[in-house]
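Chemist: Mind looking over this structure? Questions follow.
The values are calculated or read from the model by the stated rules, or taken from the named source; none is laboratory data. Keep in mind that this is a model prediction, so the values were computed, not measured. Cβ coordinates were reconstructed from backbone atoms using ideal geometry, including for glycine residues, and neighbour counts include every protein chain displayed.
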């Protein structure tokens with residue numbers, strides 16, 4: 001018999017079954033005692049107690065209890081009628097009549113309970129409907145109020161535009177538009193940047209006229225007015241809302257019609273443009289926007305600052321670009337000799353990359369020449385457990401140019417994305433890594449190999465096709481292949497990325513989340529993904545001294561991941577102290593200079609033989 005979750009007192013399946021067995025066994029025992037004894041008072045008492053038990057069984061166990069109690073009562077009636085026909089004692093006839101009455105009482109009680117339950121359910125549904133109606137009315141009032149406030153400040157084309165914006169806010173569930181200003185919020189800004197970057201990479205790959213592609217840089221200008229807390233404390237939050245709306249209006253009015261203006265938070269806004277702008281043009285444009293905000297606040301512009309970052313020189317991911325533009329804006333605040341405008345390239349300590357101001361054609365030619373001369377190679381860094389046992393390797397791409405020297409990996413990846421060669425070079429690196437895994441597994445079947453997959457490759461969708469083509473001709477152990485998924489790839493399209501990751505996992509490939517801790521993803525998302533390993537970003541291991549914030553954060557992250565059963569690989573371990581500290585935190589795997597530097601193909605095979 002199925003467990004009835006509508007039982008009044010018992011909400012646990014085990015207690016439900018236990019109580020059912022106990023009451024049934026007790027009832028049968030009392031019935032058997034009635035048959036065996038000749039003591040009339042005892043027989044009468046057992047009958048009365050049976051009625052109480054069956055009624056209580058019906059009360060506590062819901063529908064199953066009702067059926068059990070009916071069965072017991074019918075059994076009683078059969079026994080009493082049988083005994084009466086046998087010895088013609090009036091007691092048995094009396095007990096049979098009383099049991100019939102108890103049967104009628106229990107059936108009427110059950111019908112009464114059903115009627116009451118039905119009415120209670122109707123009341124509950126009516127209350128839920130009323131609650132939903134009230135929530136819907138409050139949302140509509142909120143949107144209406146926001147539109148009324150905004151219509152006083154932000155200009156739109158007309159009533160039709162206002163209605164379109166209101167519909168957009170309602171249909172999006174307020175998820176991508178800012179109610180106060182009706183501008184795109186941070187989520188929509190990130191998605192728009194992601195679309196621009198994808199379009200630019202696709203155009204770089206397919207366009208014949210690559211010079212035009214080179215001109216289409218993506219620029220993010222970050223504008224903010226400081227000391228807004230003064231306005232809040234002196235004038236109140238409603239007046240501060242008017243200031244923010246006025247800032248939104250001024251920025252939208254002065255921005256180019258083709259650019260996107262969005263509100264990040266508070267009184268901080270971003271403007272996104274993919275128009276061809278020189279550094280001087282960007283500074284002039286940012287200055288015009290800054291002065292527009294200053295005029296809305298009624299000051300001379302000393303409290304309004306702006307910073308800017310450009311793709312791909314100042315960042316390869318949407319969140320990274322917005323963050324770097326904000327860093328440039330903060331740099332302008334702390335620069336007393338500046339004109340309240342600063343670019344991220346001024347913040348960076350190093351030069352803006354090896355390729356400087358080269359055009360797409362020039363960079364593409366250099367990379368193609370490097371591929372022909374076999375200057376782009378693979379190296380493999382060993383991975384160890386806490387007992388210094390070798391568990392596997394991670395493959396990295398290296399480019400040693402005779403003229404430019406060692407090319408920084410980030411510069412190399414940015415250049416390949418800029419020229420659209422990320423897919424062809426990525427396929428080549430993946431094939432070489434699989435061949436190395438085949439050699440490693442021929443010596444040791446337990447060692448793994450981790451291969452890095454860029455966010456661009458993941459979203460493009462061609463990776464699985466390339467994997468299937470390459471893996472046909474290479475003999476390797478599939479479960480020993482680990483694909484590193486960059487954390488940044490999950491930022492803009494989580495559901496789409498999850499579907500792709502599920503497809504990769506179904507091929508028998510192990511997935512690891514790389515660069516975890518750069519501030520883009522959430523621990524809440526990890527259990528939703530087929531992730532078997534998390535690799536901490538290098539900054540977690542950079543500062544583990546006693547009392548540091550990084551130490552506490554690293555310990556907490558490792559502990560949380562351990563609770564959900566996901567091992568952690570610490571990268572960038574440079575000394576014994578870091579290693580011992582991470583071991584004490586519960587780290588499972590380790591990589592870094594302290595353990596072993598990356599090696600080329602030949603040294604990797606020798607290293608495996610040494611650890612056999």
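Chemist: Got at least one residue in the range 274-294 being in a strand (DSSP E or B) and at pLDDT 85 or above?
Modeler: No - not one qualifying residue is present in the range 274-294.
Chemist: Six or more apart or on different chains, Cβ atoms under 8 Å: show the pairs whose first residue is in the range 576-588 and assigned by TED's automatic domain parsing to the domain that holds residue 555 and whose second is part of a helix (DSSP H, G or I) and surrounded by 21 or more Cβ atoms within 10 Å (Cβ to Cβ).
Modeler: Pairs found: 578/541; 582/541; 582/554; 582/558; 585/554; 585/558; 586/558; 587/558.
Chemist: Among the residues of the range 86-105, is any under 60 Å from the mean Cα position of the chain (by Cα), modelled with pLDDT under 75 and not in a helix (DSSP H, G or I)?
Modeler: No.
Chemist: Moving to a separate point now. Got at least one residue in the range 541-550 being surrounded by fewer than 20 Cβ atoms within 10 Å (Cβ to Cβ), more than 20 Å from residue 394 (Cα to Cα) and either in contact with a strand residue (DSSP E or B) (Cβ under 7 Å, 6 or more places away or on another chain) or in contact (Cβ under 8 Å) with a residue 40 or more places away in the chain (or both)?
Modeler: no
Chemist: Quick one: which helices (runs of 4 or more DSSP H) lie wholly within the range 360-456 and hold at least 3 residues that are in contact with a helix residue (DSSP H, G or I) (Cβ under 7 Å, 6 or more places away or on another chain), over 19 Å from residue 476 (Cα atoms) and without any contact (Cβ under 8 Å) to a residue 24 or more places away in the chain?
Modeler: Filter on the range 360-456 gives an empty set.
Chemist: Looking at this structure, is residue 556 farther than 27 Å from residue 194 by Cα and modelled with pLDDT under 75?
Modeler: No; evaluated as a whole, the condition is false for this residue.
Chemist: Turning to a different aspect of this structure: If you take the residues of the range 244-283 that are crowded, with 17+ Cβ neighbours inside 10 Å and out of contact with any strand residue (DSSP E or B) (no Cβ under 9 Å at 6 or more places or on another chain), which of them is nearest to residue 310 (Cα to Cα)?
Modeler: Among those that are crowded, with 17+ Cβ neighbours inside 10 Å and out of contact with any strand residue (DSSP E or B) (no Cβ under 9 Å at 6 or more places or on another chain), it is 254.
Chemist: Condition first: more than 17 Å from residue 451 (Cβ to Cβ) and modelled with pLDDT under 80. Can you find one or more residues in the range 391-402 that meet it?
Modeler: Scanning the range 391-402 turns up at least one residue that is more than 17 Å from residue 451 (Cβ to Cβ) and modelled with pLDDT under 80.
Chemist: Scan the range 188-231 residue by residue and report those that are more than 25 Å from residue 284 (Cβ to Cβ), surrounded by 15 or more Cβ atoms within 10 Å (Cβ to Cβ) and either touching a strand residue (DSSP E or B) at 6+ places or on another chain (Cβ under 6 Å) or at pLDDT 80 or above (or both).
Modeler: 188, 190, 191, 194
Chemist: In addition: Restricting attention to the range 424-448, report how many residues are crowded, with 19+ Cβ neighbours inside 10 Å and more than 23 Å from residue 533 (Cβ to Cβ).
Modeler: 1
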